[in-house]
Structure formats: C-alpha cells, structure tokens
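A short worksheet on the structure shown next.
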Amino acid sequence: MMIQSYSAHEIDKHNINFPLTVPDYRYDQKNEVFKRAVWDDQIRVWASRLYSEVTFQNRPGYRQLDYALRNAAWNLEYDSGCGNSQGNSGLFSWTRVTDKIRRFIDAGEKLNRSPAELSSIVKKAARFLGADLVGICPVHPNLIYSHEYNLFTKKHYPIDLPENHSSAVVIAIEMKQEEIAHSPNAIGGAATGLGYSRMAFVANLVATYIRGLGYQAAPSGNDTALSIPLAIAAGLGELGRMGMLVTEKFGPRVRICKVFTDMPLTLDTYKPFGVTEFCMTCKKCAKHCPSQSICNGDPTVSGESISNHSGVLKWYINPEKCYKFWVKNWLDCTNCISVCPFNKPPGHIHDATRNVIRNTSAFNRFFVWLDDLLGYGKPFQAKEYWDMS
Ligand code: SF4
Ligand code: SF4
C-alpha cells in the first residue's frame, strides 16, 4: 500500500487541519481489534489466552492481590456499562431512566434558555457529576461508526443515532498518575478499568440530567462513535503520536465518554497547545512501546491495518502488534500513556513549561532532553504498590 506522508514543514505550509480532518467514510467498528478478537481468526487465536485463562504470577503487579484491584475497578463497566461490547445498553442506554425519575421527566418541559446558558448549565452539572474535563462539539456524521459489532450477540448492524442529536457533550475522565505509572501490570490496568467504570457512571448521570431538562440524550462509551476526534473538536486536547487524546491538564491520562443530544448548545472549538509540534521531536511513546507499534516517522494519511481509520493525516499505530503484546503480557498496557511528558501534574515549573510549548516549538528538543535527564518517561520498573508493613 502506498502511504503518503507529510513533514512538519509541509503540514505548516499547507495549513492542513491536522487532527480535525474527518475521513470521507464512516468506520465499521467490526474492524476494531477488540471486535476482531471475536470474528477474525488471526486475532482470535491470541485473544483466547487473554480472555479465558487466568494466571497469577509471583511478582509485583501480577499477583492475585493486584488483579483483585484491577477487577474491582473494571466491575461497573463489565456489569452495567458494557460500552466496549455494545452501545445503547446498560448505563449507556439512550432512553432508560428509573421509574422514580421518569415521572419528573414526564411532568417537565424543555428548559427555555439560550444555547450559551444551556451549555454553561450542562457543563457545570457534568463537572459536579464526575467529569474532569467537558466540552461540546458538533457531531460530524463520519465520526459515527457505520456499524456496530455486538460482542454479546455477535451481530453486525448499522448504527443510527436518533434524529436531531446534533451535538455531543464530550467528557474526559482522569486516570491517576500513580497507578498508570505501573503499566503494563494489573495496577496500571486498575487505573484503566476505573476510567471505564467512571465513564459509564458519569455518562449515564449527565444523560439523565439532560433528560431532566426536557431534551433527549444518548450516552456513549467506546461504542457508537469515535471519541478522540470528538474530544479534539470539543477543545479537550490534541492528538498525540500514540494515537490518543493529549489534554493540557492530564496529558493522555484520560478516558473519554460522550452524550449526544438534541439540546441547542454553544459549540467549543479546537484548542491546540503545541502537542503536534512536540510529538515531532519527542517520540518517547514510540521508543518505549514494548511492541514497537507506534510510528517513529512522519504522519501519514493511511494506516497499514484494517483496524486503522485511514484517510486522516496522523500517526497510525499498529493495533495487531499492540494487541499481541497485551496477550503476551496477560494484561492491557498503557506504557505509551505513562511515558508521555504531558503527564506532569500542575505546578509552577510544569505550568511554565506548558506555556512555553504552547507558544513556541523552539525549545521542544531541550524539553525532551531535560525530561530524559530528570529521569522521567522511562518504562516503569515493577515495584511494590501496596504498603504491607
Ligand atoms: S498500549 Fe503498550 S503495546 Fe500498545 S501501543 Fe501503547 S505502549 Fe505500545
Ligand atoms: S510521548 Fe511524546 S511523542 Fe508520544 S504522544 Fe507524548 S509528547 Fe507525543
């Protein structure tokens, strides 16, 4: 396959709207590597080990003690969210509310406020209900998956959002740095699992709130639509080299959920802060990826796998290699998140550095060198998480 690539200079010269470009087709979620683990023999042969065997090991991060935390953190998503398996169900149902709340919704009417006021109200409520970051964007039809592949029923069917759901309230949920730093072991997996469980919890509550104001709301986890481009369009961050959202406050340590709605809202806009330019120099995620799945070169408009959503100028990862490492490791991995320099917590020095990166790329090479010198961004050496004294 011929892959077109662009240098940093060309991106600049042509003023290519790099992370917001939307492909001219809708992605079929059947091709996601996690869905392929069910129907594609190439992936299924690896997946059977990951999903059917349990092997505790006598080393920090891989013992029963560690898996128990990881499994507790995932339980709400596995039991009541299920956004990784199917959309419009469980806590992500597009219509379901309890009877105790339904009577209030039925008795009410549409709150008649300006889009700016409604946006402000919904964002405040979302933060109260557990969102760590929230923004609003228009729903481009090509960011909705063409089809869902249901992991429970193994059925493949078209996705159609209800009519007039033209805005998305996009929510980022922080994953704690202490636990993410333990990737790729079960403590790191606990940070990921808690992110997913909180996605289901928060998206459900925000949707219920919007319904309480008289409007329709369809909550969504990883189902239904591509979360990262929506989050970028909603001003929550930029696309990193490792293919994930990088936010200014938490770096890539976030999970994303969204609520589609017919409520008239004021839209946020893309707010870059220097990530794309920084990634051109940094490459730490590519260097420290245990499976070498992350592109080390320039962005391209096409990935090499059917699991990539090609047609957008970006860095494509190799999902098969990544997934294969997870199988070998017996657990999911977030090394590419944990080594990213944008993970740093707020503080005078980190905030000042972010400010410089936002305004100029002239010092990026120096910042990467300094990050290495200070010992940040190295793969984690497994150590004890628990204080057992
Ligand atoms: S999750 Fe791990 S294996 Fe996959 S791309 Fe990131 S660092 Fe590489
Ligand atoms: S680790 Fe470096 S190259 Fe990778 S996403 Fe973060 S800033 Fe970009």
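Miscellaneous remarks
- Among the residues making up the stretch 95-120, those that are assigned to a loop (DSSP other than H, G, I, E, B) and touching a Gly at 6+ places or on another chain (Cβ under 8 Å) are Gly108, Glu109, Lys110, Leu111.
- Pairs with Cβ under 6 Å, 6+ apart, first in the stretch 234-246 and more than 7 Å from ligand 2 (Cβ to nearest atom), second among the small types (Gly, Ala, Ser) and open to solvent by less than 10 Å² (accessible area, probe 1.4 Å): Ala234/Gly135; Gly235/Gly135; Leu236/Gly135; Leu236/Ala172; Leu245/Ala231; Leu245/Gly237
- Residue list for the stretch 312-331, filter: open to solvent by 40 Å² or more (accessible area, probe 1.4 Å) and either of a type outside the set (A, V, I, L, M, F, W, C) or away from ligand 2 (no atom under 16 Å from the Cβ) (or both): Lys314, Asn318, Lys321, Lys324, Trp326, Lys328, Trp330
- Residues that are open to solvent by 10 Å² or more (accessible area, probe 1.4 Å), at pLDDT below 95 and assigned to a loop (DSSP other than H, G, I, E, B), drawn from the stretch 232-242: Gly235
- Evaluated against (1) within 19 Å of the chain's Cα centre (by Cα); (2) more than 15 Å from ligand 1 (Cβ to nearest atom); (3) closer than 30 Å to Leu205 by Cβ; (4) in contact (Cβ under 8 Å) with a residue 40 or more places away in the chain, Val312 falls short on exactly one condition, (3).
- Test: residue in the stretch 274-286 that is in a loop (DSSP other than H, G, I, E, B) and over 30 Å from Gly212 (Cα atoms): yes
- The conditions of being outside any strand (DSSP E or B), open to solvent by less than 10 Å² (accessible area, probe 1.4 Å), touching a strand residue (DSSP E or B) at 6+ places or on another chain (Cβ under 7 Å) and not acidic (Asp, Glu) are met by Ala203.
- The single condition among (1) open to solvent by 20 Å² or more (accessible area, probe 1.4 Å); (2) without any contact (Cβ under 8 Å) to a residue 24 or more places away in the chain; (3) within 23 Å of the chain's Cα centre (by Cα) that Gly303 does not satisfy is (1).
- Selection within the stretch 165-214: residues that are under 29 Å from Trp94 (Cβ atoms) and of a type in the set (D, E, K, R). The member of this set that is nearest to the chain's Cα centre (by Cα) is Glu174.
The values are calculated or read from the model by the stated rules, or taken from the named source; none is laboratory data. What you are looking at is a predicted structure, and each value in this text was computed from that prediction instead of being measured. With ideal geometry, Cβ positions are generated from the backbone for all residues, glycine too; neighbour counts draw on all protein chains shown. Note: areas computed on protein heavy atoms with side chains; ligands, DNA, RNA excluded. Shrake-Rupley method; radii C 1.70, N 1.55, O 1.52, S 1.80 Å.
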